[in-house]
Structure formats: C-alpha cells, structure tokens
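The values are calculated or read from the model by the stated rules, or taken from the named source; none is laboratory data. All values derive from a computational prediction rather than experimental measurement. FYI the Cβ positions are ideal-geometry reconstructions off the backbone, even for glycines, and counts take in every protein chain you see. For accessibility, only protein heavy atoms count, side chains too; no ligands or nucleic acids. Shrake-Rupley method; radii C 1.70, N 1.55, O 1.52, S 1.80 Å.
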Number of protein chains: 2
Amino acid sequence: MTTLNRRIRAHIEQRILSGDWPPGHRIPFEHELMAEFGCARMTVNKAIAALVDAGLIVRRRRGGSFVAEPRVHAPVLAVPDIRAEVETRSRRYSHKLLMRRRRTAVAGNAVERQLAGAADLLELECLHMADDRPFAFEERQISLAAAPSAEDVDFSVTPPGTWLLDAVPWTEAEHRIAAINADKRIADLLDIKPHTACLLVERRTWRGEVDVTHVRQIFPGSDYDLIARFTPKS
Amino acid sequence: MTTLNRRIRAHIEQRILSGDWPPGHRIPFEHELMAEFGCARMTVNKAIAALVDAGLIVRRRRGGSFVAEPRVHAPVLAVPDIRAEVETRSRRYSHKLLMRRRRTAVAGNAVERQLAGAADLLELECLHMADDRPFAFEERQISLAAAPSAEDVDFSVTPPGTWLLDAVPWTEAEHRIAAINADKRIADLLDIKPHTACLLVERRTWRGEVDVTHVRQIFPGSDYDLIARFTPKS
DNA sequence: CAGTGGTCTAGACCACTCC
DNA sequence: GAGTGGTCTAGACCACTGT
C-alpha cells in the first residue's frame with residue numbers, strides 16, 4: 001500500500017517514462033486528475049509538484065502542465081558506458097558498427113605507437129542510438145597487445161565500450177572534454193544541423209603502464225551533458 | 001515579496017545554516033510554527049517537507065523534527081581558478097567586471113532561493129582575458145548568507161573565483177558540462193563568430209549544507225578543454 | 001476575460017512511538 | 001495513552017496568460 005499522491009505521481013511518471021506521453025505533451029489538468037482519482041486538488045497538486053521537482057514536468061499558468069524536454073546526464077568521473085546510460089533513461093539502445101579494421105600504428109604518431117605497443121591496433125567506428133535516433137558517434141582504437149581477445153569479438157552485437165568495461169580491467173583513465181562545431185560528416189551521422197555545438201569526450205584508458213584504448217565520442221550538445229560532483233583535493 | 005511557506009522555510013534554514021541550530025537540534029513542532037506564523041498546518045508542513053527534501057531536516061513521529069547530520073564525501077577533483085590556469089600557460093591574465101548588483105532571489109527559482117538562504121545574492125558578470133583577448137565569460141551568484149564579506153570586495157581588482165577560493169572554504173562542488181552554440185551576446189563578448197561551439201561549465205559549490213556560489217562559465221571551444229584524470233571508484 | 005496553476009485555510013482521521 | 005507527523009478534504013482567493 002502507498003499513498004494516493006504517490007499513486008498519482010507513479011501513474012503520470014509511467015506514461016512519461018514509457019514514452020506514451022512524449023516531451024511537450026500536455027498532461028491532464030488538475031481538475032481532470034481530481035475527477036479521475038476522485039480526490040482533492042491539493043492531492044493532485046502534490047503529485048505534480050514532485051514531478052516538477054524531479055524535472056519531468058514544466059507548468060504554465062493558463063497553458064497547463066507539459067512533459068519536460070529530457071536532458072541526459074553522465075558522471076564525469078566514471079568511465080561511461082553509453083548503452084547503460086541510454087537504458088537508464090528508459091530509452092531503447094541500439095548501435096551500428098560503421099567500420100572495423102586492424103592496422104599498425106602510424107609511425108609518426110607517438111600516442112598511437114604507445115597505444116599499440118608491440119602489436120597492432122583494432123580501429124572501430126560506431127554510432128550509438130537511443131530510440132532509433134543517433135545519440136553519439138564514437139571512434140575507438142583498441143590495443144591488441146593489451147586486449148588480444150578483442151580480435152574475436154563481434155562488435156556489431158556488443159558495443160565496444162560495453163565489452164571493454166566488462167572484459168578488460170583498467171586502473172587509470174584520462175578524459176579530455178571540449179566543445180566542437182559539427183562538421184558535415186558528424187552532422188549527417190548524428191542527424192543534426194552542421195555547425196551545431198557538440199560535446200567531444202576523448203578518453204585514454206590504461207591498465208597499469210599499459211595503454212588499453214583511446215576513444216573519441218561526440219554528442220549533440222542539446223542532448224547530453226556531463227556531471228561531476230566532488231570535494232576538495234586532499 | 002514571497003510566499004508564506006517559503007518565508008517559514010527560509011526562517012528555519014537560516015537558523016540551521018548560521019549554526020544557531022546545530023545537527024541533532026530539535027526544531028519547533030508544527031503547531032508551534034503555526035502559532036508563530038499564524039497559519040494553517042499544511043503551510044508549515046510544506047515548508048518543512050521542502051527542507052526534508054533538501055536533506056536539512058529529518059522527522060520522527062512522536063519525536064519531532066531534527067536538524068540532519070551533514071554528509072561526508074571522498075575527495076576527487078579540483079575547482080579550477082581561471083586566473084591560475086591562464087598564468088600556468090604563460091599568458092597574461094586580466095579581467096573586466098561587467099556587472100555587479102545585489103538582489104533578492106527570484107521567488108520561483110528553487111535553486112536560487114536555496115543559494116540565497118535567508119539573505120541576498122551578489123550577482124556578478126565578468127570577462128576573463130588572456131593576453132588581452134577574451135578567454136571566458138562568467139556569470140556568478142554569491143550567497144551573502146554564506147559569504148557576507150563578499151559585499152565589501154572590489155571584484156574589479158580580484159576576480160570573484162580567485163577571491164572565493166581563497167576566502168571561503170568549500171566542502172563539495174558539482175560541475176555540469178555541456179556544449180552550446182554562442183548566441184549573439186556571447187559571440188560579441190568573446191570576440192568569436194556567432195554559433196561557434198562553446199564549452200559551458202556550470203558549478204555549484206557548498207560548504208557543508210550551505211550553498212555558497214553558483215557560476216556559469218563559457219569558453220570558446222577552440223581555446224579551452226577540461227581534463228580529468230582518475231582511477232576506478234571503489 | 002476565462003481558465004489555468006499557486007497558494008492557503010481549517011478542519012479531519014490515522015499511524016506510529018515515546019512515555 | 002498522549003502527542004507527534006503523514007496524509008487528505010473541500011473549499012477559497014489570487015496571479016498570470018493565452019485567446
């Protein structure tokens with residue numbers, strides 16, 4: 001058993017999270033919900049106020065109450081798994097492997113040569129989708145010296161980041177975060193207008209001294225932001 | 001002007017944030033606050049419920065309502081000081097104070113009201129320069145409840161972030177990082193083309209439960225990036 | 001200017017828990 | 001058992017805003 005205002009809240013929340021009421025959709029007026037649940041207006045109001053607090057709903061006098069536009073947050077301080085993040089937001093994840101090849105490190109590129117070590121690199125490009133809409137573009141190099149089993153994985157089934165988090169332990173990572181304007185290729189891939197601001201996340205991951213993988217992920221700025229919560233360094 | 005339940009909330013909050021009512025202290029019963037403010041119980045209840053939500057108060061049936069014990073967190077990152085960063089790169093730092101005013105929190109803005117506490121906000125806008133070229137635009141609100149001495153500082157001499165880092169100890173911060181296209185005003189201020197991708201860094205900083213300052217910093221994407229280096233969380 | 005949400009009132013009954 | 005908070009009711013007046 002639970003309280004009435006929580007049931008009303010859950011009722012609305014479920015319709016939003018299930019996609020039944022998409023962003024921008026007008027939810028029933030307070031008096032309609034009063035009739036539907038047979039209760040006082042304060043009770044409906046309390047339920048909706050909680051959803052406003054949670055950022056799921058915005059209210060406008062005279063206009064009504066509307067499902068808020070979603071924004072996805074990710075912690076800066078964890079290595080993000082895009083699939084997990086998409087699914088946390090009750091959106092359906094899928095991905096497309098755009099490119100996969102094995103190659104040697106470019107001789108003049110010190111960073112690549114350090115990553116490759118004594119072996120080859122596996123180079124991948126993929127597109128992450130949320131509800132069949134492009135969510136992020138990813139370019140990745142994996143060191144076959146550090147993760148030889150990557151050679152045998154079908155990355156069109158498991159996204160590379162998800163597989164790596166599971167299969168290859170890491171001890172240290174470095175993020176570089178910047179803003180870029182989408183060029184034509186990125187705009188096409190992400191289905192956004194050229195020149196739209198995007199968040200670029202570059203990450204290098206090590207296991208001990210061994211360089212495991214480098215990745216560049218590009219997110220449309222309107223869809224994604226990073227969150228870091230922390231305390232002063234000792 | 002503000003609502004009664006917010007005034008009651010502010011009244012209680014101020015006593016907690018000032019240390020007048022330490023953690024574990026029992027706050028007045030609902031019926032006492034009803035008498036003190038001459039209002040209905042629901043109004044008092046709404047005020048206290050918001051403080052429970054904010055984690056400032058815990059309630060026990062029959063026992064009463066008590067000031068909550070503050071949380072503790074593990075250290076991880078650092079709050080950047082733009083002056084220090086510019087100077088680290090061997091560029092000459094300067095800044096311009098564009099706006100300074102004292103005002104009350106916007107009643108409908110819960111985040112601002114939490115920041116303000118029982119006092120006013122100091123609102124600042126400034127432009128950070130590296131070698132006399134614009135480097136970042138900053139909008140900042142400082143809680144005069146948390147940092148009353150900010151009222152007397154000449155921020156055209158010391159940049160607000162630098163002063164705060166020195167003058168006001170903090171225990172917790174939260175970054176939100178996103179990519180945005182520069183609008184006309186930002187483009188003018190930063191001397192870049194409109195629509196250029198910029199990095200938006202929003203930071204909230206607390207001392208214990210007390211909200212100290214909020215800041216929005218906008219950097220041209222081409223000039224700036226953020227680096228975070230870390231190890232897996234325990 | 002009609003209709004929405006924002007806020008408040010003055011009650012009520014109940015569950016829990018400390019004394 | 002007495003007193004707290006948890007929840008809910010059935011009203012009310014007001015501010016704002018879209019038509």
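Points worth noting:
- Computed from Cα positions, the angle between helix A:4-17 and the longest principal axis of chain A comes to roughly 40 degrees.
- Using a simple spin-label model with pseudo-atoms 7 Å out from Cα toward Cβ, A:Phe29 and B:Ala110 lie 2.5 nm apart.
- Point-charge dipole on Cβ atoms (K/R +1, D/E -1) for chain B, about Cα centre, debye to 20: 820 debye
- Once both labels are positioned 7 Å from their Cα atoms along Cα-to-Cβ, the gap between A:Leu97 and B:Met99 label points is 5.2 nm.
- Of the residues A:Ala197, A:Ala84, A:Ala107, the one that moves most in a GNM of chain A with alpha-carbon contacts below 10 Å is A:Ala107.
- Segment A:4-67: relative contact order as a whole-number percent, Cα under 8 Å and 6+ apart: 43 percent
- Whole-number percent relative contact order across chain A, with pairs defined as alpha carbons under 8 Å at least 6 apart: 17 percent
- Placing a label point 7 Å from the Cα of A:Asn109 along the Cα-to-Cβ direction, the distances to the matching points in the other copies come to 4.5 nm, shortest first.
- Computed magnitude of the charge dipole of segment B:4-67 (debye, nearest 20; Cβ of K, R +1, Cβ of D, E -1): 220 debye
- Lysine pairs in the protein assembly as shown whose alpha-carbon atoms fall under 20 angstrom of each other, counting only those eight or more residues apart or on distinct chains, come to 9.
- Estimated FRET transfer efficiency when R0 is 25 angstrom, pair A:Glu139-B:Lys193 (beta carbons, to 0.05): 0.40
- A:Asn45 versus B:Thr3: modelled label distance in nm, points set 7 Å from Cα along the beta carbon direction: 0.7 nm
- Take A:Arg176, push a point 7 Å out from Cα through the beta-carbon direction, and compare it with the same point in every other copy: 2.7 nm, smallest first.
- Counted residue by residue at 0.36 nm each, then reduced by the alpha carbon distance between them, the extension gain from B:Arg59 to B:Glu36 reaches 6.3 nm.
- Among B:Ser149, B:Ser94, B:Ser65, the order of accessible area from largest down is B:Ser149, B:Ser94, B:Ser65, computed with a 1.4 Å probe on protein heavy atoms.
- The interface between chain A and chain B buries about 3300 Å² of solvent-accessible area in total (1.4 Å probe, ligands and nucleic acids excluded).
- Teacher prompt: B:Ser156 distances to equivalent labels in other copies, 7 Å Cα→Cβ, nm: 6.6
- Relative contact order of segment B:82-220, pairs being alpha-carbon contacts under 8 Å that are 6 or more residues apart, as %: 23 percent
- Rounded, prolate or oblate (a/c below 1.5 giving rounded, otherwise prolate when a/b exceeds b/c) for chain B by Cα gyration tensor: prolate
- Here the Gaussian network model covers chain B, with springs between Cα atoms less than 10 Å apart; of B:Arg204, B:Arg113, B:Arg59, B:Arg59 fluctuates the most.
- Helix B:41-53 vs. chain B, principal-axis angle (Cα, 0 to 90°, nearest 10): 40 degrees
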